[in-house]
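Peer 1: Dropping a structure here in structure tokens format, bear with me for questions.
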Amino acid sequence: MARRPRAGSLAGIAFAAAAAGILIVVLSAAHLIPQLRNPFAETTTVRSQPVILKSITELSRYEAASGSFEVVVDLTRRASLLPSFLEGSETLFIGQGTDIAFVDFSGLKSQAIKVSPDRTSVTVSLPKAQLEPAVLDVSQSYVYAQQQGLFNRIGNFFSGNPNSQQQVYILAQQKIQAAARQSQLLGEAQKNTEGMLDGMLTSLGFQHITVTFGSAAAS
């Protein structure tokens, strides 16, 4: 008859296996053996095409001031013959964006800087400050409220047009651009440019510094 293994032997084997498992976990935690991986852990794989460099712009200007703007756009569309609950829409859009004022140094000639014979005075002639195209912050801009007629809702449902709200974004950007032109941004940019040049030229030993702004540089 085959002999049955003793209970003590089975307990010893189980204890040895448990001890070995604990030892592996401890060594893995102490980085003495490769880390144990969770067989049920999720992995994320990101695949993308190589980034393409589309243009390189030479930096030859001084960005002297920037402004943040908020605008409310109320865009209403109405059909001439149908009531608004059937055809038409009204969108209330909150747009936030920025604009940058800069002074272009790229077209400066040698005669733009005039130094006195005793090298104590200098006059710098610069073009007027200009504005970049306003940039709408899409992460902070949003549709606050929207009402659509029945036919509009049905059309949007079947068309799935992702650019259906594109017009309010364009209008918000245009309004921010216009507000930047009417603001003190250009004057502040010229003031900051004058202060920057004053500090730099003073450090070079000039005692009298004059900065003038003429016509805007050609774009």
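The values are calculated or read from the model by the stated rules, or taken from the named source; none is laboratory data. None of these values were measured; they are calculated from a predicted model. No Cβ is skipped: glycine too gets one built from the backbone with ideal geometry, and neighbour counts run over all protein chains shown. Remember, those area values only see protein heavy atoms, side chains included, never the ligands or the DNA or RNA. Shrake-Rupley method; radii C 1.70, N 1.55, O 1.52, S 1.80 Å.
Peer 1: Confirm whether Val143 is modelled with pLDDT of 90 or more and in contact with a strand residue (DSSP E or B) (Cβ under 8 Å, 6 or more places away or on another chain).
Peer 2: So Val143 does not fit the description; no.
Peer 1: Which residue pairs have Cβ atoms closer than 7 Å, lie 6 or more positions apart in sequence or on different chains, and pair a first residue in the stretch 98-112 that is among the charged types (D, E, K, R) and at pLDDT 85 or above with a second residue that is open to solvent by less than 20 Å² (accessible area, probe 1.4 Å) and assigned to a loop (DSSP other than H, G, I, E, B)?
Peer 2: Asp99/Ala134
Peer 1: For the stretch 69-92, give me each residue that is assigned to a strand (DSSP E or B) and either modelled with pLDDT of 90 or more or open to solvent by 30 Å² or more (accessible area, probe 1.4 Å) (or both).
Peer 2: Within the stretch 69-92, Phe69, Glu70, Val71, Val72, Asp74, Thr76, Arg77, Arg78, Glu90, Leu92 meet the criteria.
Peer 1: Would you say Phe206 is among the hydrophobic types (A, V, I, L, M, F, W, C), open to solvent by less than 60 Å² (accessible area, probe 1.4 Å) and at pLDDT 90 or above? Steps first, answer last, please.
Peer 2: Values: among the hydrophobic types (A, V, I, L, M, F, W, C): yes; open to solvent by less than 60 Å² (accessible area, probe 1.4 Å): yes; at pLDDT 90 or above: no.
In short, no.
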